[in-house]
Amino acid sequence: MPKLSKTKLSFRVYFALQQAVLLEKSRGAQNQIFCRLSIPEELQISGSFTSFVSLLSQLIGLGIHSYCPNVHQKLVFVTADWRATELTIRITDGGSGLRYQTSIQMSDGGNKNGAIRPQLILLQAERLIHRNFHGSLSLRSFSNRGTQVTLKLPVPSDSQNLDKS
């Protein structure tokens, strides 16, 4: 029986972010997502490209759907910055905010209509970021002012010689 390789796959973060944004735009959010990616296109992290794009898409989708009609503007901002060995991705919306305290807590995961609660998506995202990407997820949310999800991910030290322009 062949041995499985323990080599971790890596992927370009810039491309993954673009794919997640395009995925959400294809679901009807064409003029509602704005990006500022201050990272080199060649910057790579280790892990699953598909899992990462899916995670980002879900987090962006939470921002898109956090709005009350006629109360909030539907805008989500995605930013990415890189310093030395850490990548920071922020997804910020100006929606209704989350209705629980600063810690992410798991409830029953769904409501009576079968809709997934934001808490469950955030809990799964936190676990995925920690387990698969060795990073962290933090959250700031204010009632009727919006939510900011921050992902901090380690970048291999050999990325330090990439151009930061």
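Bear in mind these aren't lab numbers, they're just calculated from the coordinates by the rules spelled out. Note that the structure is a prediction, hence the values are computed from the model and not measured. Cβ placement follows ideal geometry from the backbone for every residue including glycine, while neighbour counts extend to all protein chains displayed.
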Length gained, residue 31-residue 140, 0.36 nm per residue minus C-alpha separation, equals 36.8 nm
Calculate, for residue 120 and residue 85, the FRET efficiency according to 1/(1 + (r/R0)^6) with r their C-beta to C-beta distance and R0 22 Å; round to the nearest 0.05.
0.10
Restricting attention to the alpha-carbon atoms of segment 114-153, what are Rg (one decimal) and Dmax (integer), both in Å?
11.4, 33
Can you compute the FRET efficiency between residue 10 and residue 127 using 1/(1 + (r/R0)^6), with r the Cβ-Cβ distance and R0 = 30 Å? Round to the nearest 0.05.
0.90
